[in-house]
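Before any comments, here is the structure.
The values are calculated or read from the model by the stated rules, or taken from the named source; none is laboratory data. Remember, it's a predicted structure, so these values are computed and weren't measured experimentally. Positions of Cβ are backbone-derived with ideal geometry, glycine not excepted, and every protein chain shown enters the neighbour counts.
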Amino acid sequence: MNISVDTQTKEKLNLLKEYPEEPYNSVIGRLTRMAIDEDELSDEAMQGIEEALEDIKMGRTYSEYEIKKEIGLL
């Protein structure tokens, strides 16, 4: 099987090789394993996400400016 990639993509894949002769299939396989998280989120993680979304909806957020001011970067 063959696939087509443009020159820029091929150059990027070359940079991601762990060794010069590593097959592109190995590089692409590694990238897909990194990109796809097959582990399910725990109930605790899901609850944390739901709470964070509720905080956002209710306006309980801080701007980047406020955080920088709080930690003394401004």
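List of remarks:
- When the stretch 35-58 is filtered for residues that are assigned to a loop (DSSP other than H, G, I, E, B) and at pLDDT 95 or above, only M58 remains.
- Residues of the stretch 27-74 classified as under 30 Å from S4 (Cβ atoms) and in contact with a Lys or Arg (Cβ under 8 Å, 6 or more places away or on another chain), total: 1
- Remark: E22 falls outside the filter, which requires a residue to be surrounded by fewer than 10 Cβ atoms within 10 Å (Cβ to Cβ) and not in a helix (DSSP H, G or I).
- Here T32 fulfils each of the conditions (1) surrounded by 10 or more Cβ atoms within 10 Å (Cβ to Cβ); (2) among the hydroxyl-bearing types (S, T, Y); (3) assigned to a helix (DSSP H, G or I) apart from (1).
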